[in-house]
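The structure under discussion appears below in the form of structure tokens.
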Amino acid sequence: MTDRLEMRGMTKKYGDFTANDKVSFSLAAGEVHAIVGENGAGKTTLMRMLYGMEQPTSGEIVLNGKPVVFRGPEDAIRNGIGMVHQHFMLFGEFSVTENIVIGYEPKQAGFFKRKDAEDKVRALSEQYRIPIHPQAKVANCSIGEQQRVEILKVLYQGADIIVLDEPTAVLTPLEVRDLLQTIRNLAESGKSVILITHKLQEVMEVADRITVLRGGKVTGTVSRTETNTDDLARLMVGRELQELAERVPLDKGPLLQVENLTVREKQTLLDQVSFTVHHGEIVGIAGVSGNGQSELLQAISGLRTAQEGTVRLGGNDVTNKSVATIRDAGLAHIPEDRYLWGAAKLSSVEENALMGYQRKPAYNRRGVVLREKFRQVVKGWVEQFAIKTGSRQLQELAGNLSGGNLQKLIVARELGQETPFLIAAEPTRGVDIGAMEYIHQALIEKRNQGDGILLVSSELSEILALSDRILVMYKGRIAGELSRLEATEEKISVIMAGGSIHGSNQRAI
Amino acid sequence: MAAIKELSKSLVQPFLAVVIGLLTGALVIAAVGESILGTYQEMWKGAFGSFYFFTSTLARATPIMLIALGLSLAFRAGVFNLGAEGQMVLGAVSAALVAIYLPAPGMIKIVAGIFAGMAVGGFWALLPGFMEARFRIPLLISTLLFNYIAVLFASYLVTEPFRDRSGSAALAQTVMLEKSAWLPKLFAGMSVHAGFLFAIVAALLLFWVLRFTPFGYEVKMLGQNSLFAQYGGINRIRVMLTGMFASGGLAGLAGTVEVMGAHYRFVDGALTVPGFAWTGLMAALLANSHPLGIIVTSILLAAFQTGAMGVERNTDVPLELASVIQAVLILFISAKFSYDWWKKRKAKGGESHGAL
Amino acid sequence: MELFDWSLLSSTIRMVTPILLAALGGALCARVGIFNVGLEGLVLVGAFSAIVGNHFTGNLFLAVLIAALVSIVFSLLFAYMTIRLRANEIVIGVAINFLALGLTTFALRAIFGVKGAFYDKDMAGLPTVEIPFIHDIPVIGGIISGHSPLVYFAFLVAILLYVFFYRTVTGFRVLAVGLNPVAARSLGLKVTGLQVLAIVMSGALCGIAGAQLSLGQVTMFTEGMTAGRGFIALVAMMMGQSHPLGILASSLLFGLMDALSIRLQGFSLPTQFTAMLPYVLTIAAMFFLKNKSQIGSDNQQSTR
């Protein structure tokens, strides 16, 4: 089998930081080659170089035996490389067909021949057994279908090498199964697939070979038949994972009581949701993103109006109260998107840390914020959480911090509120493994102090590791509840996809 | 110390813009066929050539500074208030009417006039703020349109019901304020009046509020990321409306001090023709909304204008030279934004190392 | 004088032209994701250049062409500042408006040696076109026929723009750039090129709008003669949701207001109130804007 693609000694440096260090990688025709690694291991950097979005500091790309240089995505596309990005590159207002043919539209005298385009898309869809609705508006398609549109787009563009960047992160378990089948189909019809992921089970199901990256270096390239998930995990992490702190059994009564909470916009986004979080308890909310989790958190924290239902926090009715009132009643909140909600990128670390403290009597005297006094507190957080702030320390702009360090700052800020209740939404999204362990420890410690935590995460492993109880959301409702003991990834997956399982404490749907 | 460092940093870019503005001005002067150096000499003389000219420059800088301070507060909160002109004019006409018709001693007239001018300017600004908060009507557009309405309404007031019909003058204007209600001049025979002190005090006060108080912090955060501010418990609408009210109030004060310290009556067009509001906008942008920087930029822009008057008196170069230089200034102040952009891009790059 | 009669509709069609052209120009920019506050200035520059062109060439076609070209130059400045230097488009738009006001006033003095307004009784305005057949139909002929060619041009542009957006490949890509620039770039579309193309076309339309303003009926230039029409065009653009036919409808509404405010001057109302009418009605119209979020919230983020 000759190699269709070879990347030799790929190195990419950003200033002092080496994102890829002499990474070598090869791909044969008809092969599925997975690249696995933790966040920050350099997977995406490698692919951005392959796709022409970044220029390597050194190293070369050899395509079908010839060295090539890609100045931009269009070069890569022209050479038969297609990328399905983790965040879809789609136009919601356009139809499926328009999204697939854009950039390479069938035309006559400058006029767009939409009919021809549709015929071609239909033919392509049948050829590769990838079902879609050519006329549907993409914004109305399910996430799974949007992903199929992306795959058809790169096929339409004539790709022989298809890069899939974390393709399963947004899919339901059922859709994952379909996708893995599609990947196999593609490989059988002679396409080569690069699968970037950190989910090892999927890799073991579909990949022919696996390359593991850690800290920008290759720690191993192995054939699927000669390895298992444990070996891969060891190659990925490079050390044994830290054990989480012992969880002390506690139950000191209800803290957060949500009853029949309903949020409607054009449609019902949150439908009669009821649950309780007790003191000394972590309640995890699992579910495919977009099933009402964001709306639930926003309604609880005062960022969105609920049309029905009540939220009680520590005995106070805080339904549809202002954010400030709810925070005063004992809520702290690690938001799901740190750049959208959690920080001001062009402000300093110190100013980002000050959010929520600026009117606290401890840091105010005669209408003036006691910045010096507060600075000492922030210094404490930076030390305690090992936050790397860069040369300007507390005056560094928040936007210059790495994702993991900014996340640690946000976690420190919210834990520092010392409230009885904490919302932790995707607390470790996009952070490296060290930061993740640290944040997990901190959450467990808070729980052991008798505080309540509502954890929302799209990573089932995180939910399973931290939660005392697990609620599964599906289409704006709580579709099932599992205790820590009975919960397994399989059971949760089934409920996440709208199915039901025997023996769980499942609620009526 | 940090404040001084920040101030000097925020002045580098305006300085470059001024240089480019002067170079463009030189091109324009050359196009008219005048001596560049000679023209700029006349400009300097017109602005700072004598104590009289210098104080005239300060007098002209007064309303510009007050308006710029108000706008800077709105800009910092992320609100693009383009309605300073209307807020100023309505404030001015209200102050004039109160000072003329309130039956009270002079001192009370002054205080009541100032109060009325600020309040009316503030409420006129509050209205588009409310429309944005409640009905999501873009403030940028509504404030602009409100200018036309305010200016026309004020014009109506002094052409019809409150017109001074005593004199022979064809001008639409109110009667004159009685002398006891005049704001005192700072130097006898010079045009700079007490309003200039108000502007300086306002700048210092605003600097203090923005830098040291919780409200100042909240304004800044709201301007930088309004979702972050809301998430943190800042009441977006309250801060925005407070900012708009203060912004309009300062614009109203600008109009008020012109009426009570310079014209002693409201004259239709006397505030709009010199373009105080737009010059104020430029002063705020030039100073990157920094209150202390605004003191400098307002005087600078006022100097261009009084200087251009000197140029017009003594050369064939038209007065509008100043407008051209100012517009180029503001165009190139945007280079600052490209610097921001570069920083943002760097920030983004930083993120990708961590997260990918 | 009657408040409403058929000639009101005729003058509506005439008044609508600059607003319609500028709004279509604004829509082109909006469609590539750029909010062009500089329409006012671009139109003003066009109005002035048209007079200058007419004065020196004596040829109306060249005058309109010069107006378009000069406005294109200004729009290129806008494009360079906003796209290349990534400057805040609102600040640049405001600056362009200023520069236009300053330069036209300055040039009015420098070229014609007058202040305030330039009027030359010997200068010919744009001719009127009498459409055969239609001109002879009673009532309708009076409304539709007998306008300057630019009036018909404006309506034609609205239709052509519709075809461009929804039938041609380039138009399709222009829409794509505005909807999701990141995705467009990842596909290898020439995002910057398409944006510049849209801004340049916008400049040309604004220049022609200006020519209609200064040569269409009065044949004179006065300082700041756009009097906020560029901003009204922005509102018309938002109300029409940047859709050429929607803009056609909303512009007609504003044209009617403009015509009405002039008509009202014949009544015994204070002139200030009649002059206020278009602005008041524009504000009232904004209460019914559908996609306010598009502009409002973006501004919130991009003002500093």
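The residue list C:135, C:147 contains one member that is in contact with a Lys or Arg (Cβ under 9 Å, 6 or more places away or on another chain), away from every other protein chain (no Cβ under 14 Å) and farther than 30 Å from residue A:114 by Cβ, which is C:147.
Out of everything in the range C:52-88 that is among the β-branched types (Val, Ile, Thr) and farther than 28 Å from residue C:35 by Cα, what residue ends up being nearest to the other protein chains (Cβ to nearest Cβ)? Selected residue: C:52. Within the range A:284-298, restricting attention to residues that are farther than 17 Å from residue A:255 by Cβ and within 14 Å of chain B (Cβ to nearest Cβ), the residue that is modelled with the lowest pLDDT is A:294.
Here is a check on your reading of the model: is residue C:108 part of a helix (DSSP H, G or I), within 14 Å of chain B (Cβ to nearest Cβ) and either within 15 Å of residue C:207 (Cβ to Cβ) or basic (Lys, Arg) (or both)? No: the conditions fail for residue C:108. Of all the residues in the range A:375-406, those that are hydrophobic (A, V, I, L, M, F, W, C) and away from every other protein chain (no Cβ under 11 Å) number 8.
Condition check: assigned to a loop (DSSP other than H, G, I, E, B), touching a Gly at 6+ places or on another chain (Cβ under 7 Å) and under 26 Å from residue B:221 (Cα atoms). Does residue B:78 satisfy that? Against the criterion (assigned to a loop (DSSP other than H, G, I, E, B), touching a Gly at 6+ places or on another chain (Cβ under 7 Å) and under 26 Å from residue B:221 (Cα atoms)), residue B:78 qualifies.
Can we say residue A:382 is of a type outside the set (S, T, N, Q), farther than 30 Å from residue A:258 by Cα and either part of a loop (DSSP other than H, G, I, E, B) or touching a Gly at 6+ places or on another chain (Cβ under 8 Å) (or both)? No; evaluated as a whole, the condition is false for this residue. The single residue among A:120, A:113, A:107 that is under 25 Å from residue A:144 (Cβ atoms), surrounded by 15 or more Cβ atoms within 10 Å (Cβ to Cβ) and without any contact (Cβ under 8 Å) to a residue 40 or more places away in the chain turns out to be A:120. If you go through the range A:314-346 and keep only what is farther than 14 Å from residue A:410 by Cα and either facing chain B (nearest Cβ under 7 Å) or of a type in the set (A, V, I, L, M) (or both), you end up with A:318, A:322, A:323, A:324, A:326, A:327, A:329, A:331, A:346. For beta carbons closer than 8 Å, sequence separation of 6+ or different chains, a first residue in the range B:14-36 that is within 11 Å of chain C (Cβ to nearest Cβ) and farther than 22 Å from residue C:113 by Cβ and a second that is modelled with pLDDT under 85 and surrounded by fewer than 18 Cβ atoms within 10 Å (Cβ to Cβ), the qualifying pairs are B:17/B:335. Residue check: residue B:186 meets all listed conditions (1) within 11 Å of chain A (Cβ to nearest Cβ); (2) surrounded by 15 or more Cβ atoms within 10 Å (Cβ to Cβ) but one, namely (1). Among the residues of the range B:232-268, those that are hydrophobic (A, V, I, L, M, F, W, C), more than 18 Å from the chain's Cα centre (by Cα) and surrounded by fewer than 24 Cβ atoms within 10 Å (Cβ to Cβ) comprise B:237, B:239, B:241, B:267.
With the condition kept exactly as written, say whether any residue in the range B:158-168 is modelled with pLDDT of 85 or more and not polar (S, T, N, Q). Yes, the range B:158-168 contains at least one residue that is modelled with pLDDT of 85 or more and not polar (S, T, N, Q). The single condition among (1) part of a loop (DSSP other than H, G, I, E, B); (2) modelled with pLDDT of 90 or more that residue B:60 does not meet is (1). For the range B:219-261, the set of residues classified as among the charged types (D, E, K, R) and either free of Cβ contacts under 8 Å to residues at least 60 places away in the same chain or within 14 Å of chain A (Cβ to nearest Cβ) (or both) consists of B:220, B:236, B:238, listed by residue number.
In the range A:223-244, is there at least one residue being assigned by TED's automatic domain parsing to the domain that holds residue A:173 and in a strand (DSSP E or B)? Checked the range A:223-244: at least one residue is assigned by TED's automatic domain parsing to the domain that holds residue A:173 and in a strand (DSSP E or B).
Tell me the residue from A:170, A:193, A:154 that is under 25 Å from the mean Cα position of the chain (by Cα), assigned to a strand (DSSP E or B) and either within 18 Å of residue C:167 (Cα to Cα) or not assigned by TED's automatic domain parsing to the domain that holds residue A:460 (or both), please. Just one listed residue meets the conditions, A:193.
Suppose we filter the range A:54-81 for residues that are within 8 Å of another protein chain (Cβ to nearest Cβ) and either in a strand (DSSP E or B) or within 25 Å of the chain's Cα centre (by Cα) (or both); how many remain? Residues meeting the conditions: 1. For the range B:196-208, indicate whether the set of residues that are at the interface with chain A (Cβ under 9 Å from one of its Cβ atoms), over 26 Å from residue B:105 (Cβ atoms) and either without any contact (Cβ under 8 Å) to a residue 60 or more places away in the chain or surrounded by fewer than 19 Cβ atoms within 10 Å (Cβ to Cβ) (or both) is non-empty. The answer is yes, given that some residue of the range B:196-208 is at the interface with chain A (Cβ under 9 Å from one of its Cβ atoms), over 26 Å from residue B:105 (Cβ atoms) and either without any contact (Cβ under 8 Å) to a residue 60 or more places away in the chain or surrounded by fewer than 19 Cβ atoms within 10 Å (Cβ to Cβ) (or both).
So which residues in the range C:133-158 are in a helix (DSSP H, G or I) and either over 25 Å from the mean Cα position of the chain (by Cα) or farther than 24 Å from residue C:244 by Cβ (or both)? Matches in the range C:133-158: C:134, C:135, C:136, C:140, C:141, C:142. Within the range C:184-206, if we keep just the residues that are over 28 Å from residue C:229 (Cα atoms) and among the β-branched types (Val, Ile, Thr), the residue that is surrounded by the most Cβ atoms within 10 Å (Cβ to Cβ) turns out to be C:191. Just one residue in the set B:97, B:69 is under 25 Å from residue B:294 (Cα atoms), in contact (Cβ under 8 Å) with a residue 24 or more places away in the chain and away from every other protein chain (no Cβ under 14 Å); that residue is B:69. Against the condition within 28 Å of residue A:233 (Cβ to Cβ) and in contact with a strand residue (DSSP E or B) (Cβ under 8 Å, 6 or more places away or on another chain), how does residue A:443 come out, does it pass? Yes: the conditions hold for residue A:443. What about residue A:306, is it facing chain B (nearest Cβ under 7 Å), buried (at least 18 other Cβ atoms within 10 Å of the Cβ) and closer than 22 Å to residue B:226 by Cβ? Taking the combined requirement at face value, the residue does not satisfy it. Of all the numbered requirements in (1) under 27 Å from residue A:39 (Cα atoms); (2) surrounded by fewer than 21 Cβ atoms within 10 Å (Cβ to Cβ); (3) more than 14 Å from chain C (Cβ to nearest Cβ), residue A:148 misses one, and that requirement is (2).
The values are calculated or read from the model by the stated rules, or taken from the named source; none is laboratory data. Being a predicted model, the structure only gives us computed values, none of them experimental. All Cβ positions, glycine included, derive from the backbone under ideal geometry; neighbour counts span all protein chains shown.
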